[in-house]
Amino acid sequence: MSKALTRHEALEACVDAAGTISQLGRDLGIPQSTMSRIVNSSKQLPAEYVLQAERLYGVSRHDLRPDIYPRQIMRDQGAIDRFYGVDRRAASFIPHDADDNRIYGASDFNRGGGMKAATQ
């Protein structure tokens, strides 16, 4: 993902792509004097020209007018329900083998060579 531009930087990127302010105005159907005022004074493209500028010059609408086209923030919808941290109850659970009644200690799970039985 490319770096987000300010509105004016995005407008300047359109000018650079068009070559001149006059050409940008011609491409968008805006008189040169108005286009010059937009670039030098207001420093943001009027809303009705944003999509056309994006199509012609490849400058994102989100950069040209973030007030109208805000970037969507992707959030993990399940994050609220997800548990983060240590489950202290897990340490109290000690699995056992029902056939031989051996209890496996929690520290035995991390040893190499398989799980070793701990007796009561």
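The values are calculated or read from the model by the stated rules, or taken from the named source; none is laboratory data. It should be emphasised that the depicted structure is a prediction, and the values quoted were computed from it without experimental measurement. Note: ideal-geometry Cβ built from the backbone for every residue, glycine included; neighbour counts use all protein chains shown.
Go over the candidates 74, 35 one by one and state the one that is at pLDDT 55 or above, in a helix (DSSP H, G or I), under 40 Å from the mean Cα position of the chain (by Cα) and closer than 30 Å to residue 4 by Cα. Give the steps one after another, and end with the answer.
Details: 74 fails: in a helix (DSSP H, G or I).
None of the other options fit; the residue is 35.
When you go through 56, 51 one by one, which is the residue that is assigned to a helix (DSSP H, G or I), surrounded by fewer than 19 Cβ atoms within 10 Å (Cβ to Cβ) and in contact with an Asp or Glu (Cβ under 8 Å, 6 or more places away or on another chain)? Give the steps one after another, and end with the answer.
On the way: 51 fails: in contact with an Asp or Glu (Cβ under 8 Å, 6 or more places away or on another chain).
Exactly one of 56, 51 is assigned to a helix (DSSP H, G or I), surrounded by fewer than 19 Cβ atoms within 10 Å (Cβ to Cβ) and in contact with an Asp or Glu (Cβ under 8 Å, 6 or more places away or on another chain), namely 56.
Of the residues in the stretch 3-28, how many are assigned to a loop (DSSP other than H, G, I, E, B) and either of a type outside the set (Gly, Ala, Ser) or touching a residue at least 12 places away in the same chain (Cβ under 8 Å) (or both)?
Final tally of qualifying residues: 5.
What are the residues in the stretch 38-48 that are part of a helix (DSSP H, G or I) and within 16 Å of residue 69 (Cβ to Cβ), if any?
Going residue by residue through the stretch 38-48, those that are part of a helix (DSSP H, G or I) are 38-42, 47-48.
If the condition is that a residue be part of a helix (DSSP H, G or I) and within 16 Å of residue 69 (Cβ to Cβ), then 47, 48 are the ones that fit.
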